[in-house]
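For reference, the structure is listed below as structure tokens.
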Amino acid sequence: MNLKSILPKPLKRFIILQRARGQLLSLWFFSRTRFLSSLYYCFFSRQFAREHQAVLNGRLAFAREQGMGQNSSTLLRRNIHRIEKGLIMQPRKALFALGYINATIGAFEQAAANKSHDQHELKWAGDVLSEYFNSVELDKLDAQLKIRFDGARQGSPDLPKTDQQSVPYTFASKIQAPVSSEAFLALCTQRRSVRWFESKAVSRELLEQAVNMAALAPSACNRLPYQFYIADDKAQSQRLIEIPLGTQGFAQNVPCTIVVTADLANYPTERDRHLIYIDGALAAMQLMLALETLGLSSCPINWPDIERCERKMVKALDLPATVRPIMLMAVGYGHADGKIPFSHKKSAQQLIHYVH
Ligand SMILES: Cc1cc2nc3c(=O)[nH]c(=O)nc-3n(C[C@H](O)[C@H](O)[C@H](O)COP(=O)(O)O)c2cc1C
């Protein structure tokens with residue numbers, strides 16, 4: 001017999017109330033100062049433990065690898081982005097990037113020496129660096145930098161051959177999409193969270209097209225720290241989509257599940273730890289709209305920070321300690337008879353605060 005069942009109801013209610021009061025009091029107390037908050041999350045709750053460790057693992061990985069992955073370099077991407085920003089400044093400085101040009105050339109040399117490095121990334125970096133050396137006052141730069149750059153570039157004969165330089169261009173020459181605001185509004189309205197799908201495999205070609213469109217989303221310093229793990233086999237899809245909460249009742253009919261993950265190894269410091277979520281979410285939104293244009297529907301799925309879910313996902317995808325799931329996405333061909341919640345939205349008047 002358990003104690004709960006023999007307690008009189010008023011006493012049970014009293015205990016529940018006292019417990020709630022105690023919790024409120026402890027929240028009030030530990031939220032008074034940052035030090036107390038840290039004590040709370042050190043001794044009374046381990047909710048942030050995994051995130052803390054992942055951030056430190058990310059810093060360690062960055063310090064060791066300098067953002068160099070198998071075929072892409074975060075450091076190179078970030079620094080080339082910074083140099084591009086220097087090149088578009090009005091007025092452009094005669095000399096810039098002095099604090100990081102040496103590291104950039106180092107990253108370029110390392111990438112150029114690696115045959116499996118993304119040749120398009122390398123071409124972009126090479127074109128931008130070439131423009132940089134043509135634009136700055138060379139005589140004020142360490143002459144070795146240009147020599148090292150030329151050597152590394154000549155050592156990579158496999159760079160994609162195209163007349164188009166991967167360098168800054170004018171607003172006037174930018175692509176203008178033939179999409180009216182009415183058409184975009186229609187697309188945004190068309191995209192709704194769909195949870196009932198036809199029992200039909202999702203085309204990989206379409207998924208790849210959609211991911212290429214998603215990758216055009218903005219990303220802090222153009223690092224694109226995310227990856228898409230796609231389970232397009234129904235059994236695998238169900239295995240993954242059942243891991244988070246929030247999919248009960250429809251998990252069994254989702255033909256394809258995408259797990260959006262992102263890697264904290266892209267950042268040397270804690271201050272950028274939220275970028276994985278921001279960049280991941282921006283790409284995920286663009287992915288959902290892209291899927292719509294390809295005749296596919298989707299439903300974003302929350303990734304709750306629950307230790308047992310995290311452990312299951314890490315095991316299922318064999319994720320390194322620096323990689324965190326951001327969210328999941330159910331994808332498929334919407335079932336004509338499946339219903340969709342109305343989901344009333346807020347208006348601009350409710351959402352905007354003009355700042356005076
Ligand atoms: C971050 C995020 C997490 C979500 N998680 C779930 C989920 O776990 N299960 C689910 O059925 N829908 C989930 N949704 C879908 C929302 O319920 C849905 O976007 C919202 O009700 C608005 O409907 P709409 O997407 O059709 O506009 C999630 C949406 C977002 C953006």
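Computed over the stretch 181-332, relative contact order equals 35 percent, with contacts defined as Cα pairs under 8 Å that lie 6+ residues apart.
With the simple model of a label 7 Å out from the Cα in the direction of the Cβ, H120 to K315 spans 3.7 nm.
Test of understanding: extend the Cα→C-beta vector of N102 to 7 Å, then name every residue of the stretch 117-161 with backbone N under 17 Å from that spot. 140-149, by backbone N distance to the label point. As a rough footprinting exposure proxy, the listed residues K312, K12, K4 were ranked by other beta carbons within 10 Å of their own, and the order from fewest upward is K4, K12, K312. Full extension of the chain between I147 and K200 yields a length gain of 13.5 nm, computed as 0.36 nm times the residue separation minus the alpha carbon distance.
Going 7 Å from the Cα of F250 toward and past its Cβ, which residues in the stretch 186-208 have a backbone nitrogen under 11 Å from where you end up? Backbone N within reach: 192-197. Roughly how tilted is helix 275-293, in degrees to the nearest 10 and between 0 and 90, from the longest Cα axis of the chain? For 275-293 against the chain, the angle is about 90 degrees. FRET efficiency for Q110 and F14, Cβ-Cβ distance as r, R0 = 45 Å, nearest 0.05? Calculated value: 0.10. L159 label point, 7 Å along Cα→Cβ, cut-off 17 Å on backbone N: hits in the stretch 93-110? Within reach of a label on L159: 104-110.
Above 25 Å, the calculated P(r) of the chain contains 67 percent of its Cα-Cα pairs.
Annotation: the residues V179, V167, V355, sorted from fewest to most other C-beta atoms within 10 Å of their own C-beta, follow the order V355, V179, V167.
Give me the angle, in degrees from 0 to 90, between the Cα long axis of helix 181-190 and the longest principal axis of the Cα atoms of the chain, rounded to the nearest 10. Helix 181-190 and the main axis of the chain meet at about 40 degrees. Taking every C-alpha pair closer than 8 Å and separated by at least 6 residues, the mean separation divided by the residue count of the stretch 102-192 gives a relative contact order of 39 percent. Legend: ranking of residues Y277, Y354 from fewest to most surrounding C-beta atoms inside 10 Å; resulting order Y354, Y277. Taking each residue as 0.36 nm, the span from N71 to M285 lengthens on full extension beyond its C-alpha to C-alpha distance by 74.5 nm. With semi-axes defined as the square roots of five times the eigenvalues of the C-alpha gyration tensor, the equivalent ellipsoid of the stretch 58-164 measures 22, 17, 13 Å, largest first. With the alpha-carbon atoms of the stretch 181-332 aligned to their principal axes, the span from lowest to highest coordinate is 42, 38, 25 Å, starting with the largest. Rounded to the nearest 20 debye, the dipole size of the stretch 181-332 about its Cα centre is 280 debye, using +1 on the Cβ of Lys and Arg and -1 on the Cβ of Asp and Glu. For the pair H356 and Y277, label points projected 7 Å from Cα toward Cβ lie 3.3 nm apart. For the chain, the longest principal axis of the alpha carbon atoms and the long axis of helix 143-154 meet at an angle near 80°.
Where a number appears in this text, it was derived from the coordinates with a stated rule and is not lab data. This is a predicted model, so every value here is computed, not measured. Methodologically, a virtual Cβ is constructed for each residue, glycine included, from the backbone with ideal geometry; neighbour enumeration extends over all protein chains shown.
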